[in-house]
1. Which residue out of Arg143, Arg112 is more than 30 Å from Lys201 (Cα to Cα) and among the charged types (D, E, K, R)?
2. I need a count of the residues in segment 271-282 that are touching a residue at least 40 places away in the same chain (Cβ under 8 Å) and surrounded by 14 or more Cβ atoms within 10 Å (Cβ to Cβ).
3. Report yes if Thr313 is of a type in the set (S, T, N, Q), surrounded by fewer than 22 Cβ atoms within 10 Å (Cβ to Cβ) and within 16 Å of the ligand (Cβ to nearest atom), otherwise no.
4. From the list Val159, Val191, pick out the single residue that is more than 14 Å from the ligand (Cβ to nearest atom) and either of a type outside the set (Gly, Ala, Ser) or without any contact (Cβ under 8 Å) to a residue 60 or more places away in the chain (or both).
5. Is there any pair linking a residue in segment 109-122 that is touching a residue at least 24 places away in the same chain (Cβ under 8 Å) to one that is hydroxyl-bearing (Ser, Thr, Tyr), with Cβ under 7 Å and at least six apart or on different chains, and which?
6. Give the residue, chosen from Arg270, Arg328, that is charged (D, E, K, R) and in a strand (DSSP E or B).
7. Does Ile352 satisfy the criteria of being in a loop (DSSP other than H, G, I, E, B), modelled with pLDDT of 95 or more, within 21 Å of the chain's Cα centre (by Cα) and within 30 Å of Met393 (Cβ to Cβ)?
8. Restricting segment 24-82 to residues that are part of a loop (DSSP other than H, G, I, E, B) and under 23 Å from Gly103 (Cβ atoms), which is nearest to the chain's Cα centre (by Cα)?
Amino acid sequence: VFDSVIIGGGVAGYVAAIKGAQMGGKIALVEKDRLGGTCLNRGCIPTKALVRSAEVLELAGKCSEFGVEIAGASLDVTRVAARKNRVVSQLVGGVQLLLKSWGVEVHTGVARILDPGRVEVRENDGTVAAIETRSIIIATGSRPVNLPIPGADSPGVLVGEAALDIDKIPKRMAVIGAGVIGMEFASIFGVFGSQVTVFEKLPGILPPVDEEMSKRLVALLARRGVKVHTGASVDGISTGGGLKRVSARDAAGNDVSVEADTVVVAVGRRADFGGIDLDALGIERDRKGIVVDSHMMTSVPGIYAAGDVLGRTWLAHVASHEGIAAIRNIMGDDCEMSYGVIPSCVFTMPEIAWVGLTEKEALAAAPTGGIDVSRFPFSANGRAVILGQTEGMVKVVSDSNGRLLGVHILGPHADDLIHEAAAAMHAGETVKGMGEMIHAHPTLAEALGEAFLGVRGSPIHFMSRRR
Ligand SMILES: Cc1cc2nc3c(=O)[nH]c(=O)nc-3n(C[C@H](O)[C@H](O)[C@H](O)COP(=O)(O)OP(=O)(O)OC[C@H]3O[C@@H](n4cnc5c(N)ncnc54)[C@H](O)[C@@H]3O)c2cc1C
């Protein structure tokens, strides 16, 4: 009898499997496709491999600024794709090795829950077996949703991660949906040289991002060939003569339709139950996905769920932590899943990363005491000037007692820098404490130190406003 059968080998499932094995558990993991799931095969990793190619291309375009002459720097899409695929294969191979080293029994096939103590596995080679188990974790992930408009399912309209398979750089690209996935593709292809038009029905892009930051990003992306229409409604996509026409109106009702070689629809994701009959098993779900308690257990004792199948955060690192919480409880720990401090990153160029509340959310949460907001631009940071990447800023939001409420970074290496702010929030540090912390010089992290200092006083490397 296994301690746990985990269904789905994405970042929720395989991480839970490793943790369970580390805790001495007998674990089976069933994956019908490739280990690593969406994140490694179709999500985080391949998109960021493309972002890296875009960064190299952008740097190559500016190389003479650094005194380096490279004649004829250009993009070879076939090799960009090959590198992306190599990165994916290397990391998927790594997951395979890790699971093997920890003694996890990996099944390649489709799992179906027979009852809380038995999982049927239909292996990809046709054999069928039932595995007896003490517990089950459902980690079957999610899939992209399409738009319910005419033409959205026409051939050549790429839904979500399908945009990863583009084999030539389109002259004109239309992206419908300005969420994280849509904006990352827009940014990548803008830098690759496509003329990109993004349509978003909401008044702003990237809804969870601080508004000041997302507005700045729109301006910075415009320099990279990305045009954004917010408040836009897309009525349909028609195809003909190799081109696709996206019919759309902006907030004022003006026709903002475009013709494009490629249309990417990135309007969100939906929990995927992997063919498991939740109703027959009595597993509660809501509009978003499977419902779990704070210990990641579903309404059926012994059956847990983690990751995108919950339909809540759509983040790989959160999925992994949910998987860990689930297996720790299965293995006898008392572990409540904590969503208190979650760093988030959008890998546009430049990047955006944040943790905690936006300025608007902080204001709404602290109507009486008020909030403090401090900003520090990368143009005043020595390392950013050295790198030639001075776009963007750090923004710190705190309450009247100096408690950190949110930190937002738009600029170079925002994805790594945000972890100082996350660690500070995790440890309950104040802006005063963080402002007193010594930051190494010359680093981008000094911009954070300066922004913390600026909450109550003034950053050092900033002009006095006194005169
Ligand atoms: C283009 C894109 C970019 C992204 N970028 C980022 C990013 O930069 N950072 C970030 O944090 N997140 C990112 N995400 C989101 C992230 O990929 C997901 O949140 C994460 O992969 C969810 O992991 P999961 O394990 O819950 O599900 P999945 O990774 O989807 O894994 C579920 C697995 O279950 C398998 N499965 C389903 N049903 C069965 C069954 N019955 N039997 C056996 N196997 C089954 C599937 O084949 C799949 O492999 C991105 C997503 C996309 C699409």
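The values are calculated or read from the model by the stated rules, or taken from the named source; none is laboratory data. Remember, it's a predicted structure, so these values are computed and weren't measured experimentally. Note that we place each Cβ from the backbone using ideal geometry, even for glycine, and neighbour counts take in every protein chain shown.
1. On inspection, the qualifying residue turns out to be Arg112.
2. Final tally of qualifying residues: 6.
3. Spelling it out, Thr313 is indeed of a type in the set (S, T, N, Q), surrounded by fewer than 22 Cβ atoms within 10 Å (Cβ to Cβ) and within 16 Å of the ligand (Cβ to nearest atom).
4. Matching residue, one of Val159, Val191: Val191.
5. Gly117/Thr133; Val119/Thr133
6. Arg270
7. Taking the combined requirement at face value, the residue does not satisfy it.
8. Gly36
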